[in-house]
């Protein structure tokens, strides 16, 4: 629980502006690991330089950080929280990205 509390001590500014921080997180992910952009087909048509200002990227980043905040606030009692996300993000093995399969 100490790890959750440590992160939550710094979480206030993130929670105050999920959209901005979410955009920063996803933009950095896509910049430093461009291969991950293939996992987000809805962002495929966005020029790399436009990702940071894109409303869709910002909204998706906000959703991710909101869910992460819920998980952190559960302080370890979070077993049920990822289940809806795992089913909404599940893909059949035939369409799974090669980035997600083991070598």
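The C-beta contact set for region 27-42 (first residue within 14 Å of residue 58 (Cα to Cα), second residue in a helix (DSSP H, G or I), distance under 6 angstrom, 6+ apart or interchain) comprises 27/51; 27/52; 29/36; 30/37; 30/51.
Here residue 65 clears all of (1) at pLDDT below 90; (2) surrounded by 11 or more Cβ atoms within 10 Å (Cβ to Cβ); (3) closer than 27 Å to residue 12 by Cα except the condition numbered (1).
Could you grab me the full set of residues in region 29-49 that are assigned to a helix (DSSP H, G or I) and surrounded by fewer than 11 Cβ atoms within 10 Å (Cβ to Cβ)?
Taking region 29-49 first, the residues assigned to a helix (DSSP H, G or I) are 29-32, 34-39, 41-43, 48-49.
Passing the criteria: 32, 34, 35, 41, 42, 49.
Checked against the criteria, residue 85 does not count as modelled with pLDDT under 80, farther than 24 Å from residue 10 by Cα and exposed (fewer than 12 other Cβ atoms within 10 Å of the Cβ).
The values are calculated or read from the model by the stated rules, or taken from the named source; none is laboratory data. Because the structure is a prediction, the values reported are computed rather than measured. Cβ: placed from backbone, ideal geometry, glycine included. Neighbour counts: every protein chain shown.
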